[in-house]
Amino acid sequence: MLQFLIRRLIVAILVTATVMTLAFMLTRLSGDLAISIAGPNATQADVDAVRKAYGLDRPLADQFIDWVGRAVTGDLGESYFFKARVSDLIAERMPITLTLGITGLAIALFVSLPLGILAAVRENTALDRVVQVVALFGQAMPSFWLGLLLMITLGLQLGWLPISGTGSWQHYVMPGIVLAFSAIPALTRLTRAGMIQAMGSDYIRTARAKGLSRASILLKHALRNAAIPVVAIAAVQLGFMLGGSIVIEQVFALHGVGFLAWESIGKNDFPVVQAVVLVLAVIYVGLTMLADLMNAVLDPRLRGA
């Protein structure tokens, strides 16, 4: 188990280092940062002053090493626009994004697991085909369109839910549903495929021969093994939700990390953009490692992979 953890940790460090390099280089390739910060009406003297004030006149290698060294210690720099520590800005906005992502994943699991089990139990029946059509429909639906549709129906016409803001748990229901729709298809298909494979296994036939109840066979024996790929994809989907919440946060006016990234891109606040990319990448890598560990616990054969 220790070797398994070490291998996964090495991969996580390499991925994080790659993301840091790409985040740094892409902001530099987007143009002269000094000109972007100084503004379109700035003189050359103003641009030179900004370049010197923010250390942009130094070699790129020195800037990168300095940024990595500070980021490792938790210092993500200072925002050009907000005039505040980037780490403080992200810490202030992160609870909103995490709440939104966890809500979306919970809704996705609540819907996809029963659908996948039903489709597997009723394989090749009308119910199975209906579930697959619903999953396909959810995958093809644009998230922003679904968000606007929910706002019009549930928010404006019926008045059941608030359409924007973060005042209560009700504010996260509609954006959580929108995020869940992007994850439900994959989770449903994996649950269905895993259950079908598990139901044809020898240990399930043995459980039936022992006279165990159908519910016990499905939930205690078959679902345990079918859940292995679902656990992995659920962690990946949560990472996608956190990283892709920028559109949903824009639609529902949720001032989370995604909204912060949107604001920073529009205002050329590159330290914030770099930091958001790095933080979300670290969270994604951490979730992937957590999924690997959970899979290793569920299936000891994976510890040697």
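Here are the numbers:
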item	result
Within the stretch 55-69, tally of residues that are open to solvent by 70 Å² or more (accessible area, probe 1.4 Å) and more than 15 Å from residue 23 (Cα to Cα)	4
2 or more residues over 23 Å from residue 247 (Cα atoms) and modelled with pLDDT of 80 or more: qualifying helices (runs of 4 or more DSSP H) within the stretch 74-164	86-121, 126-140
The stretch 96-124, subset open to solvent by 50 Å² or more (accessible area, probe 1.4 Å) and either touching a His at 6+ places or on another chain (Cβ under 7 Å) or without any contact (Cβ under 8 Å) to a residue 24 or more places away in the chain (or both), residue nearest to residue 239 (Cα to Cα)	110
Criterion: touching a helix residue (DSSP H, G or I) at 6+ places or on another chain (Cβ under 7 Å) and open to solvent by 30 Å² or more (accessible area, probe 1.4 Å) - qualifying residue of 214, 129, 189, 205	189
Test: residue in the stretch 169-177 that is open to solvent by 70 Å² or more (accessible area, probe 1.4 Å), within 24 Å of residue 280 (Cα to Cα) and either part of a loop (DSSP other than H, G, I, E, B) or among the aromatic types (Phe, Trp, Tyr) (or both)	yes
Condition check for residue 51: assigned to a helix (DSSP H, G or I) and either at positive phi or within 19 Å of the chain's Cα centre (by Cα) (or both)	no
Of residues in the stretch 32-54 being open to solvent by less than 60 Å² (accessible area, probe 1.4 Å) and within 17 Å of residue 78 (Cα to Cα), the one modelled with the highest pLDDT	51
One residue from 273, 231, 247, 236 being part of a helix (DSSP H, G or I), touching a Phe, Trp or Tyr at 6+ places or on another chain (Cβ under 7 Å) and open to solvent by 20 Å² or more (accessible area, probe 1.4 Å)	247
Close pairs from the stretch 226-240: first touching a residue at least 12 places away in the same chain (Cβ under 8 Å), partner surrounded by 19 or more Cβ atoms within 10 Å (Cβ to Cβ) and charged (D, E, K, R), Cβ under 8 Å, at least 6 apart	232/292
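The values are calculated or read from the model by the stated rules, or taken from the named source; none is laboratory data. The structure displayed is predicted, hence computed values, not measured ones. Here the Cβ is made from the backbone with ideal geometry for all residues, glycine too, and neighbour counts use every protein chain on show. Just so you know, the surface numbers come from the protein's heavy atoms only, side chains and all, with ligands and any DNA or RNA stripped out. Shrake-Rupley method; radii C 1.70, N 1.55, O 1.52, S 1.80 Å.
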